[in-house]
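Contents: one structure, followed by commentary.
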Amino acid sequence: MDPLLQYSSLVALSPIIAFALISIVPSSRPRLSEWIAVIGVGVSAALSLLILAVEFFSSGSGISPVPFQQQIPFLSFSAGAAVTLGIYVDWLTVVMIAVVSSVSLLIVVYSVGYMHAEGARRKRYFGVISMFVGVMLGLIMANNLFELYIFWELVGLGSYLLIGFWYEKPSAAKAAKKAFVVTRFGDMFLLFGIILLLNIGNHTLMYQTLFQPGSVTALKGSGLLTLATLAMFGGAMGKSAQFPLHDWLVDAMEGPTPVSAMIHGATMVNAGVYLVARLYPLYSQAPISALFVSFIGAFTALFAATMALGTFDIKRVLAFSTISQLGYMFMALGAGAYVLSRQSVGTVSYSLGYSAGIFHLMNQAIFKALLFLAAGSVMHSLGGTQDMREMGGLRSKLKITSVTMLFGSLSLAGIIPFSGFFSKDAALEAALGGTAYSSLFIVIWLFGIAGAFLTAVYIFRLWFMTFTGKPRYPPEIHVHESPRVMTVPLIILAVLTLVVGAAVLGVAGFAMAVHYPAVVPSAVSPYAQFNGVFGLLSDPATYLSLLLAFGGIGLSYAVWGREKSGQAAVSGPVTSRIYRVLAERYYFPQMYDALGIWIGYNIARVLDFFDSKVIDGIVNGTGRFFVFSSEKLRRSETGYVQQYAGVIVLGIIVLAILLILLPMMGA
C-alpha cells in the first residue's frame, strides 16, 4: 500500500480547515482570507495530484484490486447497527479529487482578481467557497451512502450561500431559493432510495459490502433494486440539473461568475454523475434503470442545446451548455450499464460507457471552467454586461481572453485534437453500442448526434457575437484585458483543453486506469477493447460527428460572423415564434411557478381545514364541554339541605344495588 494514501483524508479536510480559519479572521482583513483559501485548496490540489501521479506510475497498486479505506465509528445503535465515517479511495476517487481540487484551485486564484471590488465581503466569499470545495471532496471520498448523503446536503447548502452571495438583489435571493428547493425535491428521492437499500439485501450502506457480488445478488433477488436505483437517480437529476429538474441551474447565474465556474465546472453538478458512476455495480444489474438514465441524459443533451440558441445572455448560454454536457455523461453511463446488464458474466471485462462518462466529466470540468472564467473576463472588461448583443469586436482588445475562449469552444464543439472530441465521441460510441441490445438506443444516439451539431452552433454563436464584427457596446467603455491573476488560470486551462485528450490517447488510454471491470476479468486490455486514437479515427461515426461539428461552426459563421449580429435570424414570423419559445425555456419557469402555486395553495387549504376544524375543534370543543358541565353543576347548587340529603340517599341506594348485583354477575 502506498503510504501517501494514509494522508488522503487531508484532501477534503484542508479546504474545510481553511473555512474554519477564515471564519475567525476579522472582516477588516479580507486579503488574509484570500490567502487562506488559496493555501487550503492548494494543499488539497497538490496532495490529490501527487496521489494521482504515484498511483499512475505504480499502476494503482495502492488502490487496486482492493480500494484503500479508513474509517471511524460515528453512531452505534446496537451491536449490529452502527454508522461509520471514513474514506474510500479507488481509481474513480483518485481521478475525481484530482479534477475537482485542481480546477477549484484555478478558480479560487482567479477569484482573487475578479472579487477584488467586493471589499470586506470577500471574507464571506472565500470562506464559503472553501467550505464548498471541501464538502464536495468529502462527498467523493465518502465510504458509505449515509456519509455521502451528509455531504450531498452540505453541497446544497454551499450552493445556496454562493448563488445568493449578492442577497440584496431580489433576483439573486430568488435564484438561491429556487436552487435549494428544486435540488431538495430530488434529494427526497435519493433519501428514499438509500432507505430502501438499507432495508433490502444485506442491510448495509457501506460501499465495500454493498458492491460485493453476493450483496448485489441479494438486492436483485429482492425485486426492489430497480426501484431503489430509479429513486437515487432522482437525486442525481436534481443535483446535475437533468430534465425536468433542469431549470434552477440557469437562474443560478445570478451568483458571481467564479461561483458559476465552480458549480458548473468543478463541483456541484458533477455530484449526480459521480453518484451513478459510484453505484455502477447496482445500475449494471438494473437494466430498466440504466436505460432510463441513458434516455434522460440523451434527451436533456438535445433539449438544453436548443434552449442555448434562444438566449443572448453569455452566462446562460454556458449554463444550458452544462446541462447538455451532463446529459452526455448520463447517456454514456446508462448505455454502458445497460450493455453490461445484458451480457453474461465473464464475456466482457470493461464498460466503454463507464470510462467515457467519467472521461467527459473530467474534460467538461476543464473546458467549462475555462469558458465561464473567460466569460467573466469579458464581463469584467465591459463593466458587467452579459448581453451578447452589446458586445462584438472584442478580439483585438481581449487577445488572451478571446484565444483561450476559442480553445474552450473548440473543445466543447468536439473538434480534434481538443479533449472534448475524444470524450464526446466516446459517449456517442457507447450509445451506438447499445443498439445491439435495444432499438431505443438508436433514438438515444440520434438525440446525441443532433445535440453535437447544435453544440457547435450555439457555442460559436457566442464566440462570434462576442469577439468578431463591429463593437456594439457604448463607446465610453474603456475595454481592457484582465489582470494576470485572472488570465494565467485561463491560459493554464486552455493548454489543458488541448493536451489532456491527446495525453491520455483518448478514452482508451483513460480507460486503462478508470474502467468498470466485470466479475470475471478478461485477458484483453481496456486499451485494446476501446481502440486507441487510430481506432477512433477509423470509425465512420467519428467522421459523421466531426462533419456535423464543422457544419455547426460554418452555420454560426454564416449567421453571426462577419460583421453580423444575427438579429435577422430571429426577426421572421416563424423564427421569431420559435425564438420566443426557446427564450422562454419552453415555458418551464411558468410551469414551475404555476405548479408550485397550485400545490402550495391546495396544501395550504388542507392545512387550514385541519387547523380550523380538527385542532381548533378539539381545543374549542374541550372548552365548551367544561363550560356546559360547570353550568349544569352550578344549577345543582340550590342551598336546600333537603335536596342535598336526597342526593346522598340516592347515591347510597345506587351503591347498595351495585354491591348486590356485581357478585351475582361474577365480577
One residue is enough: does segment 642-664 have a residue meeting the conditions part of a helix (DSSP H, G or I) and under 30 Å from residue 312 (Cβ atoms)? no
Take the residues in segment 15-30 that are closer than 10 Å to residue 126 by Cβ and in a helix (DSSP H, G or I), then tell me which one is farthest from the chain's Cα centre (by Cα). 30
Contacts under 9 angstrom Cβ, first residue in segment 478-493 being within 18 Å of residue 261 (Cα to Cα), partner of a type in the set (D, E, K, R), 6 or more apart: 487/481
Does segment 235-246 contain at least one residue that is of a type outside the set (Lys, Arg), more than 10 Å from the chain's Cα centre (by Cα) and in a helix (DSSP H, G or I)? no
Within segment 239-278, which residues are open to solvent by 10 Å² or more (accessible area, probe 1.4 Å) and either among the acidic types (Asp, Glu) or farther than 20 Å from residue 327 by Cβ (or both)? 251, 254
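What's the total number of residues in segment 386-428 that are outside any helix (DSSP H, G or I), closer than 24 Å to residue 547 by Cβ and among the acidic types (Asp, Glu)?
0
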Whether any residue in segment 467-475 is open to solvent by 20 Å² or more (accessible area, probe 1.4 Å), on the phi > 0 side of the Ramachandran plot and not polar (S, T, N, Q) is what I want to check. yes
Determine, yes or no, whether residue 621 is of a type in the set (Gly, Ala, Ser), loosely packed, with under 11 Cβ neighbours inside 10 Å, more than 30 Å from residue 413 (Cβ to Cβ) and free of Cβ contacts under 8 Å to residues at least 24 places away in the same chain. yes
Provide a single number: the residues in segment 208-220 that are of a type outside the set (A, V, I, L, M) and open to solvent by less than 70 Å² (accessible area, probe 1.4 Å). 4
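Consider segment 279-322. How many of its residues are of a type in the set (Val, Ile, Thr) and open to solvent by 10 Å² or more (accessible area, probe 1.4 Å)? Please lay out each step first, then the result.
Residues of segment 279-322 of a type in the set (Val, Ile, Thr): 288, 293, 296, 300, 306, 311, 314, 317, 322.
So of that shortlist, the ones also open to solvent by 10 Å² or more (accessible area, probe 1.4 Å) come out as 288, 296, 306, 311.
Going through segment 279-322 one residue at a time, the tally reaches 4.
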Only one of (1) crowded, with 23+ Cβ neighbours inside 10 Å; (2) of a type outside the set (Phe, Trp, Tyr); (3) outside any helix (DSSP H, G or I) does not apply to residue 374, and that is (3)
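Report whether or not residue 524 is assigned to a helix (DSSP H, G or I), at pLDDT 65 or above and open to solvent by 20 Å² or more (accessible area, probe 1.4 Å).
The answer is no for residue 524.
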Which members of segment 21-62 meet the condition of being within 15 Å of residue 98 (Cα to Cα), among the β-branched types (Val, Ile, Thr) and either buried (at least 18 other Cβ atoms within 10 Å of the Cβ) or in contact with a Lys or Arg (Cβ under 8 Å, 6 or more places away or on another chain) (or both)? 41, 43, 51
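The values are calculated or read from the model by the stated rules, or taken from the named source; none is laboratory data. Note that this is a predicted model, so its numbers are computed, not measured. Don't worry about glycine lacking a Cβ; one is built from the backbone with ideal geometry, like all the others, and counts go over all protein chains shown. Note: areas computed on protein heavy atoms with side chains; ligands, DNA, RNA excluded. Shrake-Rupley method; radii C 1.70, N 1.55, O 1.52, S 1.80 Å.
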